[in-house]
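The values are calculated or read from the model by the stated rules, or taken from the named source; none is laboratory data. What you see is a predicted model, and the numbers here were worked out from it, not measured in a lab. Heads up, the Cβs are rebuilt from the backbone with ideal geometry, glycines too, and the neighbour counts pull from every protein chain shown. All accessible areas refer to the heavy atoms of the entire protein, side chains included, with ligands and DNA or RNA removed. Shrake-Rupley method; radii C 1.70, N 1.55, O 1.52, S 1.80 Å.
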Amino acid sequence: MRLVLTFSVLMGLCLQGMGQVRISGQVVNKKKKPVPGASIAVKDSYDGATSDSTGHFSFTTTEKGRVLLEVTAVSYKDYDAYITLTGAPVQQDIVLADNVSELGAVVITAGSFAAGDKQRGTVLSSLDIYTTAGANADITSAIKTLPGAQQVGNQTGLFVRGGTAEETKVFIDGSLVNNYFYTGTQDIASRGRFSPSLFQGTVFSSGGYSALYGQALSSALILESTDLPDKTQGNLGISTVGLSGGYDYLAPNKRYSMGFDYSYVNLWPSFQIIKQTPDYFRVPVNQTIEGNFRVKTGKNGLLKFYAYYSGDRFGLRRPDIDSGNLKDAFSLQNGDFFGDLSWKQKFGKWRLTLSTSYSNNLDKIQATLQDAENQPVKIPAYPYDAKDLWAHNLAQLAQGKAILEYKLHGLSAIRVGGEYQYGYYQSQFYNDTIPHVTTGWTDNYTAAFAEADIYITPLLALKLGGRAEYSSLLAKTDVAPRLSAAYKVGPGQFSLAYGVFYQKPDNNYLLFGQDKDYQKATHYIANYQIMDLDHTFRLEGFYKKYNYLTKTFPDTAGNGFGYAKGIELFWRDKKTFKGIDYWVSYSYLDTKRDYLNFPYEMEPSFAARHTASVVVKKFVQKWKTGFNVSYSFATGRPYYNISDYAKDYYYIADQGRTIPYNNMSLSINYIPTLSKPNSRHFTVWVLSLNNILNIKEVDGYNYSYDNQIKQAIEPPAGRFLFVGCFISFGVDRTQDAINNNL
């Protein structure tokens, strides 16, 4: 099979070179500045390319004679030019004129940071995420340097504007990702599963997001996967955490592509360099395989398929807080699958978007109590009987979504659509004293939505939307209105947003309680923003009101409530200091809630009042090296010992605030191929060190059952070191790496 595939690829490459003409050039604007992301194509063919970050493009075609070259780019007028193909290479430079109606038009920005949407400008691109020190190529870790996101080191997920991690949802090509993060363990946060290189567009909405999405009380991270690659390419990587490799094949007619990626992660070498506090009797190991297929459908359509499977396992021991000589042992084996199929097609002024996906996540967990010799111990007295447990948790989600969009005059548009989700959750647990117990639920969720972009003038725009949802499990319907407005004043613009957002209770809480209901959050947002190619200034204030939050005492019911309010600042500058790109963010948060077992309305333990980040990037061409530094700060977060020991109700046995959070991280990227122009490969060496000053971090406290012992929750290690080498074949990304800091 491998020989057949290799032969097919070689034959395709040979045929591709016969009778082809190369067309190349540069796309610039009237001011002679390069235009990245422009689409250049020969009309009525599948031949074309997209301009790179310097405006350059190059592609081959089998067309002959007189052909029409079409060029389009957001914020510029379309460009057409006839060229004659005689067999000799063609050099065609292109000058685009500004489209005043789009370039000067207002864009609604309240609550959202966008990357990939050229009208809004780029905030965080994939390359930004890779080169943000401390992020370690994790999308959500890089997002934490933006305003609104909290620095929480002991819990998995993205905490936004006083919301829990479960209140932020992630969508890929319109589909909800049911298990975006790796499954972790108590007091140790896990990273996201997906690589930044998979995505061409990123929208981080910290509130007031579109009616096209739902079931997220606080925030939505909306990711759009890449389209066809520019050319056939491969990649290899080796690092202190494992190995990786991938290959993307682009058909000679550039009509379809297919690819795969594989990675193997074993943290044993890393743990030998930096010792861990827990005793890992099974070092974390992960294997991931990904596949994709993309094909053009007609002149204005694209069908994309993506599949992902990941398997991982680990096991660790820590001292048992309720005894002086015993240990808590925890082991996990996880398997996760996600498959997504999406299709976009234009029909004149109409555009149809269809998507469907399926995910399956299985966690096999074992928690045991062990003695000094690491042998199981059975102590029937409470609370130790809860520390000898086997559990299997299965989560499945199948979904489909359809959106129909119609372009009105100018930039105005209307969208309508609907979606269906089938959710299944099952939890099994048992031990030697508890019989095999199985609980679970099934939900059929449907939603209909409509949204309109209305440009009253190029300086004044409205976004009106609404969403109706029904859950068979809750047997209830909700209606969620959304409204946004923006007005352009001079170089900046004001935006306002209002919206009602609903979300089902978390999986485990849906298993219990009779009074199940949607949780509700109402958002009010005001925003002022100035943005150009080199600068972004953003000031935003918000107020969020919670209703029907889940309470677990005295019974599981939806009668909790709360609020969150604050102000946020963001500044990014790529021009003032030559060759330096930096951004600064600050957030002030005032939030309280009465939920779960809280005895009254209190500040949640995941919320810091003040959070700030500074990110600086500099590429030194003489040294072929990029230097990236980040610093994050957060004031102490509240902690509580909410106990019912010796009483029949919950009370605060201890409380306080943790020490402030401080973290400075450094990453260095060395590109040895920099001095080799037009190289067919790209090599980068990466050195990354988190928390270079080794500043102590305390994320809270654990307490013994009788409240007599108090232990600080700290990261498994004070620092994290990463060293790796990554090689791309068939494509030179050197200029992108340099331009990221220019």
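Summary table below
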read-out: PHE171, sole failed condition from (1) assigned to a strand (DSSP E or B); (2) open to solvent by 30 Å² or more (accessible area, probe 1.4 Å); (3) at pLDDT 90 or above; value: (2)
read-out: Cβ pairs under 7 Å, 6+ apart, first in region 503-519 and over 11 Å from LEU217 (Cβ atoms) and of a type in the set (A, V, I, L, M, F, W, C), second modelled with pLDDT of 90 or more and in a loop (DSSP other than H, G, I, E, B); value: LEU510/LEU473; LEU510/LYS504
read-out: The one condition in (1) on the phi < 0 side of the Ramachandran plot; (2) out of contact with any Asp or Glu (no Cβ under 7 Å at 6 or more places or on another chain) that ASN286 fails to fulfil; value: (2)
read-out: Residue in region 282-289 that is part of a strand (DSSP E or B), at pLDDT 95 or above, surrounded by fewer than 16 Cβ atoms within 10 Å (Cβ to Cβ) and over 26 Å from the mean Cα position of the chain (by Cα) present; value: yes
read-out: Verdict on SER342 being in a strand (DSSP E or B) and crowded, with 19+ Cβ neighbours inside 10 Å; value: yes
read-out: Unmet criterion (only one of (1) open to solvent by less than 30 Å² (accessible area, probe 1.4 Å); (2) out of contact with any helix residue (DSSP H, G or I) (no Cβ under 9 Å at 6 or more places or on another chain)) for PRO196; value: (2)
read-out: Single unsatisfied condition, LYS231 versus (1) among the charged types (D, E, K, R); (2) in a strand (DSSP E or B); (3) surrounded by fewer than 19 Cβ atoms within 10 Å (Cβ to Cβ); value: (2)
read-out: Of the criteria (1) open to solvent by 40 Å² or more (accessible area, probe 1.4 Å); (2) within 27 Å of SER141 (Cβ to Cβ); (3) of a type in the set (Asp, Glu), which one ASP699 fails; value: (1)
read-out: Qualifying residues in region 174-184 (those that are in a loop (DSSP other than H, G, I, E, B) and either out of contact with any Lys or Arg (no Cβ under 8 Å at 6 or more places or on another chain) or not hydroxyl-bearing (Ser, Thr, Tyr) (or both)) - the one surrounded by the fewest Cβ atoms within 10 Å (Cβ to Cβ); value: GLY184
read-out: Those residues of region 192-228 which are part of a loop (DSSP other than H, G, I, E, B) and polar (S, T, N, Q), in sequence order; value: SER195, SER206, SER210, GLN215, SER218, THR226
read-out: Residue count, region 575-592 (criterion: free of Cβ contacts under 8 Å to residues at least 40 places away in the same chain and either loosely packed, with under 14 Cβ neighbours inside 10 Å or among the β-branched types (Val, Ile, Thr) (or both)); value: 4
read-out: Any strands (runs of 3 or more DSSP E) falling wholly within region 597-665 and containing at least 1 residues that are surrounded by 19 or more Cβ atoms within 10 Å (Cβ to Cβ); value: 610-620, 625-634, 638-643
